Amino acid sequence: MMQQSHIPVMLGEVLDVFSSNLKPLSSFVDCTLGAAGHASAIIQSHPELKLFIGMDVDPLALRMARSRINAAISHSHPHPNFQALTFVKNFRHIRSLLTQVDHISSGVDGILMDLGMSSMQVNNPARGFSVLANGPLDMRMDPQASLKAEDILNSWPDSEVGRILRDYGEERNWRLLQNKIVQARLQGGLHSTGELVDVIRSATLGTKGGRQGWIKTATRVFQALRIAVNDELKTLGDSLHACFDCLAPGGRLAVISFHSLEDRIVKQAFLKIIGEEVRNSIRKVEGVEDEKELWIRQTIQGSNGTILTKRPITPSEKEEGFNRRSRSAKLRVIQKL
Ligand SMILES: C[S@@+](CC[C@H](N)C(=O)[O-])C[C@H]1O[C@@H](n2cnc3c(N)ncnc32)[C@H](O)[C@@H]1O
């Protein structure tokens, strides 16, 4: 099957965050390797890099990433001691993974998380992520994980189904959808994304918005299921603290999120990480305080680190035009003291 390749979101902005103008990047972890779009660009822009570590829960993604990384290495002039290691691993295990890797006990200089799914995952109907293509009700990013969307829809308690639609999908009609899903169990349950979409369409019949109406509802329902199947929000909250612990002094963690639930977690975790007492908020004047880092506008200084993006960075209009997926993206960056 032809798969549209993944376009890395806010690539220029991510490269600016890890620009070696201030601190050379000798070690870097990409927690969400995907198609290695960001990873390849980082490797090519940082000849001083000695250690690159890439992680992804999806072995298919990792296979593609590995060949892209090899190509990036062959097109650049890496450090003579450069090593690129890739692991099929959930980023929630970053701390234990890094303790197994030699010579980074003092921490890594940069960590990137680019959350959510890759285009390869969404565009493969067999993964069950797509609202518009029929496939199994799977939605696992890690194909070894035991829980599938089908299990939630057909056997979780009614109230739990409703809760995830409300809390993870922010869906106003959650109660009606919950009832329709539970009713479908009496006819043998739901076993394909097409059957789920039919249920959603029947629940949105007669509501405002026509086709856009049911597609928007279906998108929210699919988001809710995906978050639950992959335990995305808890994993993110726990992992942000673990990632910060793994940074070297002066190291940076950059996180790209794609919906408000994720962004809220990143924003709140960053405030907590830098220390309960936020000491001050500095207004940086472009080109005066720090000519090298014009992307930094307002920072928040805490006792453990600095939030370099008081407000998140969002994609340019140009990027939103050529990459629809970027439209909801928000980039937040934190630096360890
Ligand atoms: C948006 S894509 C990353 C794309 C990548 N930055 C690029 O430029 O090609 C997100 C990737 O993160 C992976 N992923 C999601 N949650 C993960 C987790 N908890 N641990 C490790 N990988 C995860 C997904 O399998 C997917 O391949």
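Please sort 152-164, 222-234 by packing, taking for each peptide the average over its residues of neighbouring beta carbons within 10 angstrom, highest first.
In decreasing order of mean packing, 152-164, 222-234 become 222-234, 152-164.
Over the chain, with the other protein chains present, what is the accessible area per residue in square angstrom, probe 1.4 angstrom?
48
Return P(r) of the chain (all Cα-Cα pairs; 10 Å bins starting at 0; whole %; ordered from short to long distances).
Spelled out bin by bin, the chain gives 5, 24, 32, 23, 12, 4, 0 percent.
For Arg92, Arg325, Arg252, give me the order by solvent-accessible area with a 1.4 Å probe, most accessible first, ignoring ligands, DNA and RNA.
So the residues, ranked largest to smallest area, are Arg92, Arg325, Arg252.
May I ask you to evaluate 6.51 cos²θ - 1.76 cosθ + 1.60, the Karplus curve with θ = phi - 60°, for each residue of the stretch 178-192 and list the ³J(HN,Hα) values in order in whole Hz, giving x for glycine and proline?
4, 4, 5, 5, 5, 4, 4, 4, 5, 9, x, x, 9, 10, 9
When the helices in the chain are scored as -39500 (n - 2.57) per DSSP H run of 4 or longer and the sum is shared across all residues, what 222 nm value do you end up with, to the nearest 500 deg cm²/dmol?
About -12500 deg cm²/dmol.
Relative contact order for the chain using alpha-carbon pairs under 8 Å, separation at least 6, rounded to a whole percent?
Averaging sequence separation for qualifying contacts and normalising by length gives 17 percent for the chain.
Given the protein chains as shown and a 1.4 Å probe, how many square angstrom of Thr86 are accessible, to the nearest 10?
Answer for Thr86: close to 30 Å² accessible.
Within the accessible area of the chain, what % is carbon and sulfur when the probe is 1.4 Å and the other protein chains stay in place?
Answer for the chain: carbon and sulfur cover 50 percent of the accessible area.
Could you tell me which of Val199, Ile7, Val131 has its Cα farthest along the dipole of the chain towards the positive end, charges placed at Cβ (Lys, Arg +1; Asp, Glu -1), taken about the Cα centre?
Val199
What order, most packed first, do the peptides 166-173, 40-47, 16-23, 76-83 have when packing is the mean number of other Cβ atoms within 10 Å of each residue?
Ranking the peptides 166-173, 40-47, 16-23, 76-83 by packing returns 40-47, 166-173, 16-23, 76-83.
For Ser192, what charge total do you get from the other residues with a beta carbon under 11 Å from its beta carbon, if Lys and Arg give +1 and Asp and Glu give -1?
Net local charge, Ser192 excluded: -4.
For a 29 Å ceiling on Cα separation, which of these pairs sit above it: Lys89/Lys292; Lys180/Lys216; Lys89/Lys310; Lys148/Lys272; Lys148/Lys216?
Lys89/Lys292; Lys89/Lys310; Lys148/Lys272
The values are calculated or read from the model by the stated rules, or taken from the named source; none is laboratory data. Note that this is a predicted model, so its numbers are computed, not measured. With ideal geometry, Cβ positions are generated from the backbone for all residues, glycine too; neighbour counts draw on all protein chains shown. Side chains included, ligands, DNA and RNA excluded: accessible areas come from the protein's heavy atoms. Shrake-Rupley method; radii C 1.70, N 1.55, O 1.52, S 1.80 Å.
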